[in-house]
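Following: one structure in structure tokens, then a few remarks.
The values are calculated or read from the model by the stated rules, or taken from the named source; none is laboratory data. As the structure is a prediction and not an experimental result, all values here were calculated from the model. Reconstructed Cβ throughout: ideal geometry from the backbone, glycine too, with neighbour counts over all protein chains shown.
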Number of protein chains: 2
Amino acid sequence: MKEKDQQKVRLQLTKELNEKLIEIGKNVINQLKVYENPNVNIPLRSLSNVYFDEKDRLLRMGNKATERTYFNLSQSKSFMQTMLVASKLREVIKDGSHVGLRQLFYMCKQGIPGTKENTFDDQGESDIIIEDIEGVLRVLREQIGIVATSKGKLSGDITLVDSGDEIDCGKLGSSGYGIPSIVEKGVVDFSKTKSEFILVVEKEQTWIRLNQDKFWKKKNCLLMTGGGQPDRGTRRLLHRLHTELDLPVYVFTDMDIWGYYIYSVYKQGSINLAHFSENAAVPDAKFIGVKMSDVERFKIPKNHWIPMKKVDFKRVKEIAAYDWFKEDKAWQKEFKKISDFKHVVEQDVLVAKGLDFMSKEYLPFKFDTKDWIE
Amino acid sequence: MKEKDQQKVRLQLTKELNEKLIEIGKNVINQLKVYENPNVNIPLRSLSNVYFDEKDRLLRMGNKATERTYFNLSQSKSFMQTMLVASKLREVIKDGSHVGLRQLFYMCKQGIPGTKENTFDDQGESDIIIEDIEGVLRVLREQIGIVATSKGKLSGDITLVDSGDEIDCGKLGSSGYGIPSIVEKGVVDFSKTKSEFILVVEKEQTWIRLNQDKFWKKKNCLLMTGGGQPDRGTRRLLHRLHTELDLPVYVFTDMDIWGYYIYSVYKQGSINLAHFSENAAVPDAKFIGVKMSDVERFKIPKNHWIPMKKVDFKRVKEIAAYDWFKEDKAWQKEFKKISDFKHVVEQDVLVAKGLDFMSKEYLPFKFDTKDWIE
């Protein structure tokens, strides 16, 4: 995709968003005209409105919503904040700019004439309103142009067009492609790849080791990391690469309940961002390790095990009871095994067996024998 | 520089490092042969051994060292750890591999036969020993190949050779060049640039805004960020670009004592990493803002000021008393001004004046009128 085509995509999105934003304002004006209490319908983001979609196997936000009205002492401020953010967002989308969450906070933070009242006291308030508006408009904040932190990396044989620049992710040395916060169509585009699958590793240091070994070249894959608990940009790009290029996804984490949860976030989405899941989850992502059977097979020595803490045991129970795990026999077995084992085994220990052990022995064995959990 | 030439540089370094590491072992063997208590001399990294070099205007580590001996109950373990890490480092440098701090921890973590004793209980221990060895060998851990987190970004008209790949940092879209943890010669190389200076901004979101405006193109500069308190890779690359290409450096932070300290870290180095400063500091880096006079000139509205906290006032006093600030009249004035002003003004507020206000008005004014602090 050329720069011009990217612009076209962005212009079309801007037009749609602009219309949706104007709609919010028009509704309020119409309500005022007929002396109704102005309101806006905000989809509920609490746990009570999050459900696991059995068919699509991902987390979704339900249909519950609350009315936010102007003539209501407890809602008047947030109603005003919602209108203020919505109107500022029109500025942001106008020329396709990207704006940080903190920058947007300042754009919306203003005094109310004749009072000492602030429209926003801290960024937490504006962040929440942006999530509200994501729900109202049924768009992602990334589509509006709101950036947050980014920390993902990608290397492999694929060429991306990022803001008009062609970037060959197989020629980015030790750095790789730093996955930006916004990877929407029109900003980051791609058409094809010869790569056959995507390997997502939990930790940046694992990515560095495998990237230096050029694992992606040897196995003809794309190599990604979200640097621990992944940011939205990494999840969104993984989802797009998976769905648009039809590439299978394998996730490689620590053998540890927190690593298993990271896998689950890549796969089903996270409870906090359920409205984001359908655009970010990869329901058929497979878990490639580290798992209990690896400890014996690869003879991970005892002094490389780290004892589990109380909070780890508690978290295993919580996660084992999640809808998407509770009827999964393979995972229930795995949860029981690690609880009995009482130790954590990090992916970093594999490096102690040889600097290139992960890329020469561990991962080839896993892929060759299809030793993963679906 | 071509891939082959990069390899040559790395091989030469490996040879030197290997000899230095062997030297440590040989010394111990020689001491044993003559029935001396084996020891290794570890340069002291505490504040008492850090001084401000008035001539070069950067922090340096002094000459104080402690003997770490084998036959000494309180040192025996750390002596053994030092030897263990030194011997593992020979493995790391052998083929120029990069290894993470946590990975190295596992490489060195082993049981002692016949005991329940561990050589290392947590990563904190091995991290410290690596810093010890940096001091003993007078090299950087980056030269050995030890990677840590990285979060810096760079864009602009410069071509880097990173691990054999040519990367044009002016063609990396919204992503930019993600500055790796290791940017030593032989890994990241560059020969020239048409850019005239380097602008370093405190926050990633400021970098994103300015990068989208292609500020680096308009002003013919390189645009960098270390994402808040900068990591070692960002500081080291800045130092190399500055010294090897003779590019002036300007730092742009919040008007806030923590932002001013970030400037000071780029400029003089940090107390904790004094041994790193001569390879990372930029003593003639200039401070371009945000400063007190900007608040009036650019009419930053009162509701965009954030009240200073108690800890901020205390930190101003501490920093004002640092050797490299205490006789600097311009800075002493600035410190007094912000203490009297009692508020923080972040660089993000400038975006509220217009999405491209920073690149179209604020920064051009600062550069055109040379409104900086030396």
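Annotations for the structure displayed:
- Restricting B:R102, B:R68 to residues that are closer than 30 Å to B:F52 by Cα and surrounded by 17 or more Cβ atoms within 10 Å (Cβ to Cβ) narrows the list to B:R68.
- Selection status of B:S270, hydroxyl-bearing (S, T, Y), in contact with a helix residue (DSSP H, G or I) (Cβ under 9 Å, 6 or more places away or on another chain) and part of a loop (DSSP other than H, G, I, E, B): yes
- Reported count of residues in the range B:284-332, each being closer than 13 Å to B:I373 by Cα and exposed (fewer than 12 other Cβ atoms within 10 Å of the Cβ), is 2.
- Near pairs, Cβ below 7 angstrom, 6+ apart or cross-chain, from the range B:305-316 (free of Cβ contacts under 8 Å to residues at least 40 places away in the same chain and assigned by TED's automatic domain parsing to the domain that holds B:Y261) to any residue that is part of a helix (DSSP H, G or I) and of a type in the set (S, T, Y): B:F313/B:S339
- The condition of being more than 25 Å from B:Y261 (Cβ to Cβ), out of contact with any strand residue (DSSP E or B) (no Cβ under 9 Å at 6 or more places or on another chain) and not acidic (D, E) holds for only one of B:G186, B:G156, B:G170, that being B:G186.
- Out of A:K88, A:K94, A:K116, A:K153, sole residue that is under 19 Å from A:K185 (Cα atoms), surrounded by fewer than 22 Cβ atoms within 10 Å (Cβ to Cβ) and not acidic (D, E): A:K94
- For the range B:329-374, residues that are closer than 15 Å to B:Y250 by Cα and outside any helix (DSSP H, G or I) total 7.
- For the range A:1-114, the strands (runs of 3 or more DSSP E) that sit wholly inside it and include 1 or more residues that are within 21 Å of the chain's Cα centre (by Cα) and touching a residue at least 60 places away in the same chain (Cβ under 8 Å) are A:39-43, A:50-53, A:58-61.
- Residue check for B:D328: out of contact with any His (no Cβ under 9 Å at 6 or more places or on another chain), within 12 Å of chain A (Cβ to nearest Cβ), over 18 Å from B:E202 (Cβ atoms) and not small (G, A, S): no
- Where a residue in the range A:319-332 is not assigned by TED's automatic domain parsing to the domain that holds A:Q268 and its partner, wherever it lies, is of a type outside the set (V, I, T) and surrounded by fewer than 16 Cβ atoms within 10 Å (Cβ to Cβ), with Cβ under 7 Å and at least six apart: none
- Any chance A:S175 is touching a Leu at 6+ places or on another chain (Cβ under 6 Å) and either closer than 18 Å to A:Q6 by Cβ or crowded, with 19+ Cβ neighbours inside 10 Å (or both): no
- Tally of residues being within 17 Å of the chain's Cα centre (by Cα) and in contact (Cβ under 8 Å) with a residue 60 or more places away in the chain across the range B:188-227: 10
- Among residues of the range A:132-159, those that are in a strand (DSSP E or B), out of contact with any Pro (no Cβ under 8 Å at 6 or more places or on another chain) and within 13 Å of chain B (Cβ to nearest Cβ), counted: 5
- Residue, farthest from A:G228 (Cα to Cα), within the range A:186-212, restricted to residues that are in contact with a Phe, Trp or Tyr (Cβ under 9 Å, 6 or more places away or on another chain) and of a type in the set (V, I, T): A:I198
- Some residue of the range B:14-27 being β-branched (V, I, T) and either closer than 30 Å to B:Y263 by Cβ or loosely packed, with under 15 Cβ neighbours inside 10 Å (or both): yes
- Only one entry in A:D189, A:D157, A:D168 is modelled with pLDDT of 95 or more and in contact with a Gly (Cβ under 6 Å, 6 or more places away or on another chain), namely A:D157.
- Of all the numbered requirements in (1) in a helix (DSSP H, G or I); (2) at the interface with another protein chain (Cβ under 9 Å from one of its Cβ atoms), B:I129 misses one, and that requirement is (2).
- Among the residues of the range B:275-328, those that are in a loop (DSSP other than H, G, I, E, B) and within 29 Å of B:G135 (Cβ to Cβ) comprise B:E278, B:N279, B:A280, B:A281, B:V282, B:P283, B:D284, B:A285, B:A321, B:Y322.
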